[in-house]
Amino acid sequence: MDLKDKNNDKFIDGISVSGKIGKHTYVDLGLKSGIKWATSNVGADVPTNNGDYFAWGEIRAKKAYSWKTYKWCMKNHKKLTKYCTSHLYGTVDKKLILEEDDDAATANWGKEWRMPTIAELKELTKGCNWEFTENFNGSNVAGMIGRSKKNNNVIFFPASGYRSLSNTLKFGIYSYVWSSTLEKKYSDGAYSLGIEEYDIDLNGDYRAFGQSVRAVVR
């Protein structure tokens, strides 16, 4: 993919930069919703760094990711204490979207930023052409390059994999990014974006897994 920028936005280290809020830059991909996407993961200082891994609804990284260490259950995925739509999974509150205090993007970057909804992740996947690279912009970092179909701006997701227990799995192959949306039918899951060389999926994953967070701003 030719990474030459054709817009007035800045082009820094292979990434389009449209603006900045606080310490964090964003890219305008020309999406219909008007949502702008951060250029790096929460916890990363540059786009090619993995950043922190978060269990869904938690705002701090940790050493081990499991139901025993998960904030919103009683050490069991059938005993959820928040964000639950069925008595099969715990205490029902019918909350489907993360509240501000439980949003890792808002908690770490400020109130202007938040995690994307599943609809916004879907818009992102459809609004860009995607290509896998094993060496983004000479960084030796593998991941997915997305180029906007609307304005040709570029976004990059490092293949950071995900965390289970104290292990990092599928590193260098997959990028996993949480949405703020609970999986309605199975309350122990939340929707996330999984992208790799041959596949882009929007599926439910166990909330206790550690995954990347990519913030959005309007």
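The values are calculated or read from the model by the stated rules, or taken from the named source; none is laboratory data. What you see is a predicted model, and the numbers here were worked out from it, not measured in a lab. As a convention, Cβ positions derive from the backbone with ideal geometry for all residues, glycine included, and neighbour counts pool all protein chains shown. Surface accessibility is based on the protein's heavy atoms, side chains included, excluding ligands, DNA and RNA. Shrake-Rupley method; radii C 1.70, N 1.55, O 1.52, S 1.80 Å.
Structure summary
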| item | result |
| --- | --- |
| Efficiency of FRET from Cβ geometry, residue 185 and residue 11, R₀ 41 Å, rounded to 0.05 | 0.45 |
| Amide proton proximity set for residue 128, modelled H, under 5 Å, gap of 5+ | 149 |
| Per-residue HN-Hα couplings for the stretch 41-54 [Karplus 6.51, -1.76, 1.60; θ = phi - 60°; Hz; x = Gly/Pro] | 6, 4, x, 9, 9, 9, x, 8, 7, 5, x, 8, 10, 10 |
| In order through the stretch 206-215: 3J(HN,Hα) via Karplus (6.51 cos²θ - 1.76 cosθ + 1.60), integer Hz, x for Gly, Pro | 4, 4, 6, 5, x, 10, 6, 10, 10, 7 |
| The stretch 153-218: relative contact order as a whole-number percent, Cα under 8 Å and 6+ apart | 29 percent |
| Rh (Kirkwood; distinct C-alpha pairs) - the chain, Å | 17.3 Å |
| Estimated distance in nm for a label pair at residue 171 and residue 71, the labels positioned 7 Å out from Cα along Cα-to-Cβ | 2.5 nm |
| Label-point separation in nm, residue 92 to residue 45, each point 7 Å along Cα→Cβ | 4.9 nm |
| Charge dipole magnitude, Cβ of K and R +1, D and E -1 - the chain, Cα centre, debye nearest 20 | 620 debye |
| Solvent-accessible heavy-atom area per residue, rounded to whole Å², over the chain at 1.4 Å | 48 Å² |
| Interchain or long-range residues, amide H under 5 Å from residue 114's placed H | 216 |
| By average C-beta atoms within 10 angstrom, highest first, the peptides 210-217, 41-48, 103-110, 166-173 | 210-217, 103-110, 41-48, 166-173 |
| On Cα atoms only, tilt of 118-127 relative to the major axis of the chain in degrees | 20 degrees |
| Positive dipole terminus of the chain, leading residue within 121, 148, 59 (C-beta point charges) | 59 |
| HN-Hα J in Hz across the stretch 90-98 - Karplus 6.51, -1.76, 1.60, θ = phi - 60°, x for Gly and Pro | x, 7, 6, 10, 6, 7, 10, 10, 4 |
| Cα-based Rg / Dmax (Å) for the stretch 102-218 | 14.1, 43 |
